[in-house]
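One structure is given below, encoded as structure tokens.
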Amino acid sequence: MHFPVSGVDVLPFIPPLVAFLVSSLTASAGVSGAFLLLPFQVSVLHYTSPSVSPTNLIYNIVAIPGGLYRYIKEGRMAWPLTWTVVIGTLPGVFIGAWIRILYMPNPKTFKLFVGCVLLYLGYRLLSEVLGWNKKVQEQNAMMQKKFAEQVARLKEESSRRLAAGLPAEAVVKTKSVSLRRIEYEFWGETYSFGTLSILLLALAVGLIGGIYGIGGGAIIAPFCVSVLGLPVYTVAGAALAGTFITSIAGVIYYHILAASSIASGAAVAPDWLLGALFGVGGLLGTYVGARIQKFLPDKVIKAILTVLVLFLALNYIGQYFF
């Protein structure tokens, strides 16, 4: 099948299949999978023009609602964190799209930049998985103990059948919201973070997401888990929701820039058909990934996210030098 906007030729079942496999793994860690799909488009489909960034954002728009529905239904949405991320990210996405078109048309240049950022975040997340951050480790150990106790109880009640999951009372409850600090409760534990710090982070994430077309979940999620010490069970939904909303804005921004003089004849408008095919596979994959998440121990989810982030970072940096 030929896609005239992007110039890609590929069997029509390949994009949704690849998107399903990627998103079913990444959604359990609160990431849509777009950060792995763009290398596939660039390296395998040879889609290298600036329009690949908004095309990747279309994948987010179509794919994320499946997983997001599960998090909302199960009460695992930290809404104050979600809206703080969205407010900070939106202006950054516009600036990032502008920079992508004017200063980073070369894929090698902008992937090097993103790779360096993800390498740092991957290191911070790795320190959490390996227990280098003792304070966060102790905090999450308490939650992991509760999770293990719940698994044991459910297994006993189901006559040795495999069963696991979070109990009904494990929902996110907002305690306080202010310009200085936000607090919420999850499973009897209180978690808090500085509002300004998240806003500034989200602005930077929006800038990177606008350049690359990843929405920002791949950066927000590891930061919230490894730096702020927030439980991954509550971060995943917020990361997906923030990525979904900012992806819509990103596609709109690219359309505006495509019609302006800034594009200078470059291919900037997204390939809607190709993006939609990726999105269909991602829609099913994120739903499956969200269901899988509550059956996985916290540390397993973090390990998956660590491997994915470090793989992407090293891959981007390696492509620039080799």
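Taking 0.36 nm per residue of separation and subtracting the Cα-Cα distance, full extension of the segment from T190 to S178 would add 2.8 nm.
Length gained on full extension, I256 to Y103, computed as 0.36 nm times the residue gap minus the Cα-Cα distance: 53.3 nm.
Taking a ≥ b ≥ c as the square roots of the eigenvalues of the Cα gyration tensor, region 46-88 is classed as oblate, since a/c reaches at least 1.5 and a/b does not exceed b/c.
Taking every protein chain into account, the accessible area of region 1-63 amounts to 32 square angstrom per residue (probe 1.4 Å). Across region 207-218, coupling constants 3J(HN,Hα) worked out from phi with the 6.51/-1.76/1.60 Karplus curve, θ = phi - 60°, read 4, 5, x, x, 5, 9, x, 10, x, x, x, 5 Hz, and Gly and Pro carry x. Summarising the amide proton neighbourhood of G33: residues at separation of 5 or more, or on other chains, whose placed amide H is nearer than 5 Å comprise an empty set.
The values are calculated or read from the model by the stated rules, or taken from the named source; none is laboratory data. Note that this is a predicted model, so its numbers are computed, not measured. Accessible surface areas use protein heavy atoms only, side chains included; no ligands, DNA or RNA. Shrake-Rupley method; radii C 1.70, N 1.55, O 1.52, S 1.80 Å.
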